[in-house]
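Notes to accompany the following structure.
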Amino acid sequence: MLNVTGALYQQPGKRHEYHLSDGSSVVECPPLPVSSRWQFWDNMNHRIYKKGLQSEMKAAVDYHKKKWGCK
């Protein structure tokens, strides 16, 4: 299971960046529509398009948000 190892809020409310335990990262842009809110990157900075991997990464971010009370 993936875990969030670091979270950056460079522009609070506009861009949230999460680094995961396998070296990959997730970028969330809350003001954007749901379909384009999330961007998923692997440890070599290539986009991830497979829905299975995306859902696993998103679950790790959601768990981190729930654990630390982030919105």
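The values are calculated or read from the model by the stated rules, or taken from the named source; none is laboratory data. The shown structure was predicted, so the numbers you read here are calculated from the model rather than taken from an experiment. Methodologically, a virtual Cβ is constructed for each residue, glycine included, from the backbone with ideal geometry; neighbour enumeration extends over all protein chains shown. Please note that ligands, DNA and RNA were not included when accessible areas were found on the heavy atoms of the full protein model with its side chains. Shrake-Rupley method; radii C 1.70, N 1.55, O 1.52, S 1.80 Å.
Values as computed for the structure displayed
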quantity: Cleavage-rule hits (chymotrypsin sites (Phe, Trp or Tyr not before Pro)) in the range 7-71: DSSP loop, at most 15 neighbouring Cβ within 10 angstrom; calculated: Tyr49
quantity: Accessible area of the chain belonging to carbon and sulfur atoms, whole % at 1.4 Å probe; calculated: 55
quantity: Qualifying trypsin sites (Lys or Arg not before Pro) for the range 1-60 [loop in DSSP, other Cβ within 10 Å: at most 11]; calculated: Lys50
quantity: Label of the coordinate-derived value, percent of Cα pairs over 22 Å apart, listed as (1) 12; (2) 42; (3) 39; calculated: (1)
